[in-house]
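Engineer: If you scroll down you'll find the structure; I have some questions about it.
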Amino acid sequence: MAYGSSGRILRVDLERGSCTFEQIDEATYRLYPGGKALAAWLLLRERAFDAEPLSPGNVLVFAAGLLTGAPASTASRFTVAARSPLTGAYGESEAGGYWGPELKMAGIEAIVVSGRAAQPTYLSIGEDGATLRPAAHLWGLDPREVQQAIRAERGDPYVRVLQTGRAGENQVRFAALVNELKHFNGRTGMGAVMGSKNLKAIAVRGKRLYVRNAHDPKPIAEIGKALTRRVKDHPQAWDMQQKGTPGLMDVLNSAGMLPTRNFREGVFEGIARIGWDAYEREILVGRGTCYSCSIRCKREVEVTEGPHRVDRAYGGPEYETLQGFGGYCGIDDLQAIAKANELCNRHVLDTISTASTIAFAMECFEAGLIGPQHTGGLDLRFGNTEAMLEMVDRIARREGLGDLLAHGTRHAARVIGGGAERFAIQVKGQELPMHDPRGKVGVGLGYAIGECGADHLYAVHDTMLVNPQSLSFQAAIPLGVEALPARDLGERKARNYAILENWSSFGKVVGLCFFGPAPRSFIRVDEVLELTRHATGWPLTLEDLLRIGERATNLARAFNVRAGLGAADDCLPDRLFEPIPAGPMAGVGISRPDFEASMQALYRIKGWDPATTAPTRERLRNLDIEWVADLLEA
């Protein structure tokens, strides 16, 4: 088998209660070398697009990246993918932490789970193989209790546990997965798929260090050491270490791009009470990290007094969560926001969709589309802290209005009616993250065209590539991008987006965090190439890396075409075409004609039929996956 990989795929049939291994050859692995690419290939091969998302027929894939577990900062990520219960489309979510590297150390590249167990079950993996074990005693417990119980049963405190939570058990359509209590596969509802299969957790313990599989481990270790030394000298990496993502709060608010009250506004008047200075002063108690990462961007918070006690075991709110439960819901109580984060982490909910769905309900309440008779007496207005916290619990437990909101904003708006659709700020059924594309329109292209619906990690954001003298743009030069205004929507912006999407997609294939490779942070483009070469022994070029990323994205797009999605699904919510009412971005909206023209340009650049959005046979042939064209035409 190739270097950098064991080639072993673990196949778990929950209906039969069987665990078997299969081996993929090097030629296959070269096309789909881990992470996003391997997961998308497996889902297409299993025809998961034909299955209802929460049925036994859906297939759930866990795939480590090519570099996952390497001794280099940010090489900790793994992919979970299935048909999404939130969107009905290709669903995928990446996470860091320690579980992915442990899977790689157990000599496994991917796990393919099918069927549904008759009773709650967990999967136990070690050097001696894999077994399915009873998990009825774990059902309904908090993640910390589950992790402690499994480690006790295995007799090993270093077993890494990936699990779904109460929300997944109840099949909330944006339920997440968590490992080590604070590292989340947050988006697209993978926790609901796992819960629908009666699969509570996957516990892994491995002993094979990554270097045993690498073609040339010494230069990998040398690059890793250089990256560790570089953090303090690299402004972006150092800022991420010091502030983490919460540092974005003040930056985006000052720019007028802080999504507030369900994207109605771009600045939040309570920013001083929930921004970075308050966060550091009032609730921050530690800085955590992922496997072998020197950035240490994870925040840990604690509140020991007052009405909202917060346990540091569940980490701390990232930017998306901080603003989602903060300004997006009109709330400036920092301790309550930290509590909402802890509740989501205990229930294992995606914080972005949870906060966005509550903000949607708040706007519906203020518009008179729902009332106290629907909310169980809650005054569900923007700014009501206790109502917000109560709704987090009700969604996870599917109680009252929470049962409807557990389906996400798209479905809830259809049920509520009366024009509620205009308050559902989503794409393909997935709620928007806390980044306003009216100020960085390339992000909007990603929201619209991305296979998973709205997500902010498809490509580097426009604002990083405005100034040709900036550190981020200089680092991006090898990729072939241009310096363009953040709000430019011409064909050159579409070309920039396509390149950056391929680069970010490659990062998901090899298991590098978004905060690792340039231009977002401190790993140079040439170093990413060298790490991949030394891991595999393949004579790769930068063009090869971009093709690997593009191939993975085309596999995901093909999945969506077979699942019934088309051009009408590649859109943005109407609110984003409306001008922001006040602040530095006052009067600014996205031009609909310019946006539509840019989307058409993007289809041409990507080699996709603009009528069907399907990749053309020629493009698929050029990517060495012409078999996908046969699948699309079948």
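The values are calculated or read from the model by the stated rules, or taken from the named source; none is laboratory data. Bear in mind the structure is a predicted one, so any value in this text is a computation, not a measurement. Note that each Cβ is placed from the backbone with ideal geometry, even for glycine, and that neighbours are counted across all protein chains shown. In case anyone asks, the SASA skips ligands and DNA or RNA and just uses the protein heavy atoms, side chains included. Shrake-Rupley method; radii C 1.70, N 1.55, O 1.52, S 1.80 Å.
Engineer: Mind sorting out which of (1) 410; (2) 392; (3) 136 is the real volume of the Cα convex hull per residue in Å³ computed from the coordinates?
Structural biologist: Working out volume of the Cα convex hull per residue in Å³ from the coordinates points to (3).
Engineer: Quick one: net charge of residue 566's neighbours, Cβ under 14 Å, K/R +1, D/E -1? Show your work: numbers first, answer last.
Structural biologist: Working: positive: 428, 557, 562; negative: 451, 569, 570, 609.
Taking every Cβ under 14 Å from that of residue 566, the sum is -1.
Engineer: If we sort 466-478, 419-431 on the protection proxy, mean other Cβ atoms within 10 Å, highest first, what's the order? It would help to have the intermediate numbers written out before the result.
Structural biologist: Details: 466-478: 15.8, 419-431: 22.2.
Put in order of decreasing packing, that is 419-431, 466-478.
Engineer: Could you sort the peptides 575-583, 164-172, 602-610, 81-89 by per-residue average Cβ neighbour count (10 Å cutoff), highest mean leading?
Structural biologist: Working: 575-583: 16.6, 164-172: 26.3, 602-610: 18.2, 81-89: 27.9.
Ranked from most to least packed, the peptides come out as 81-89, 164-172, 602-610, 575-583.
Engineer: Kindly state, as a whole number, the per residue volume in cubic angstrom of the convex hull around the alpha carbon atoms of the stretch 491-607.
Structural biologist: Working: hull volume 17.0 nm³, N = 117.
In the stretch 491-607, the Cα convex hull volume per residue is 145 Å³.
Engineer: Right, another one. Which three numbers, in whole Å and largest first, are the semi-axes of the equivalent ellipsoid of the stretch 38-165 derived from its Cα gyration tensor as √(5λ)?
Structural biologist: 23, 21, 13
Engineer: Here is a follow-up. Quick one: what Rg and Dmax do you get for the stretch 162-267 from the alpha carbons, in Å?
Structural biologist: Taking only Cα atoms of the stretch 162-267, I get Rg and Dmax of 20.1, 53 Å.
Engineer: To continue, here is another question. Enumerate the amide H contacts of residue 349 below 5 Å, restricted to partners 5 or more residues apart or on another chain; note that Pro and chain-start residues carry no placed amide H.
Structural biologist: Here the answer is 176, since their amide H atoms fall under 5 Å of that of residue 349.
Engineer: With an 8 Å cut-off on Cα pairs and a minimum separation of 6 or more residues, tell me the relative contact order of the stretch 285-351 in percent. Working shown, then result.
Structural biologist: On the way: 89 pairs, mean separation 16.4, N = 67.
It rounds to 25 percent for the stretch 285-351.
Engineer: Can you give the accessible area per residue of the chain, in Å², using a 1.4 Å probe?
Structural biologist: With all protein chains present, the chain gives 33 Å² per residue.
Engineer: Convert each backbone phi in the stretch 75-92 into a coupling constant with the Karplus relation 6.51 cos²θ - 1.76 cosθ + 1.60 (shift: θ = phi - 60°), then list the ³J(HN,Hα) values in order as whole Hz, x for Gly and Pro.
Structural biologist: The phi angles translate into 8, 10, 7, 9, 10, 10, 9, 5, 6, 6, x, 7, 10, x, 9, 4, x, 8 Hz.
Engineer: With an 8 Å Cα cut-off and a minimum separation of 6 or more residues, compute the relative contact order for the stretch 148-246 in percent. Walk me through the numbers on the way to the answer.
Structural biologist: Values: 114 pairs, mean separation 21.0, N = 99.
Relative CO of the stretch 148-246 lands at 21 percent.
Engineer: Further, regarding this structure: Show the residues, 5+ positions off or on another chain, whose built amide H is closer than 5 Å to the amide H of residue 524.
Structural biologist: The answer is 518.
Engineer: So for the stretch 512-577, what are the equivalent ellipsoid semi-axes in whole Å, largest first, each being the square root of 5 times an eigenvalue of the Cα gyration tensor?
Structural biologist: Numbers: eigenvalues 203, 66, 13 Å².
Each semi-axis is √(5λ); the values are 32, 18, 8 Å.
Engineer: Something else about it: Let me see the P(r) profile for the stretch 423-480: every Cα-Cα distance counted, bins of 10 Å, each bin given as a percent of all pairs.
Structural biologist: 24, 44, 24, 8, 0
Engineer: Carbon and sulfur together cover what percent of the accessible area of the chain at a 1.4 Å probe radius?
Structural biologist: Values: 9950 of 20620 Å².
Whole-percent figure for carbon plus sulfur exposure: 48.
Engineer: Something else about it: Per residue of the stretch 135-140, in order, report the coupling 6.51 cos²θ - 1.76 cosθ + 1.60 (Karplus, θ = phi - 60°) as ³J(HN,Hα) in whole Hz, putting x for Gly and Pro.
Structural biologist: Once rounded to whole Hz, the list reads 9, 4, 6, 9, 5, x.
Engineer: Right, here's the next one. What percent do you get for the relative contact order of the chain when only Cα pairs under 8 Å and 6+ apart count?
Structural biologist: Details: 1516 pairs, mean separation 98.1, N = 634.
Once normalised by length, the contact order is 15 percent.
Engineer: With +1 assigned to the C-beta of every Lys and Arg and -1 to the C-beta of every Asp and Glu, and no other charges, what is the dipole magnitude of the stretch 498-567 about the Cα centre in debye, to the nearest 20? Provide the component values of the computation, followed by the final result.
Structural biologist: On the way: 8 positive and 7 negative charges, 61 e Å.
Here the size comes out at about 300 debye.
Engineer: For the stretch 109-125, in order, what is each residue's ³J(HN,Hα) by Karplus, 6.51 cos²θ - 1.76 cosθ + 1.60 with θ = phi - 60°, in whole Hz (x at glycine and Pro)?
Structural biologist: Going residue by residue, I get 8, 7, 10, 10, 10, 10, x, 9, 6, 5, 9, x, 9, 10, 9, 10, 10 Hz, with x marking Gly and Pro.
Engineer: Among 293, 237, 159, pick out the residue whose Cα is farthest towards the positive end of the charge dipole of the chain, where Lys and Arg carry +1 and Asp and Glu carry -1 on C-beta, about the Cα centre.
Structural biologist: After comparing all options, I get 159.
Engineer: Taking loop as defined by DSSP and a crowding limit of 14 other beta carbons within 10 Å, which trypsin sites (Lys or Arg not before Pro) in the stretch 1-69 fit?
Structural biologist: On the way: sites: 8, 11, 16, 30, 36, 45, 47; in loops: 16, 47.
Answer in residue order: 16, 47.
Engineer: Right, another one. What order do you get for 543-556, 185-198 when each peptide is scored by the mean count of other beta carbon atoms within 10 Å, highest first?
Structural biologist: Listed from highest to lowest mean packing, they are 185-198, 543-556.
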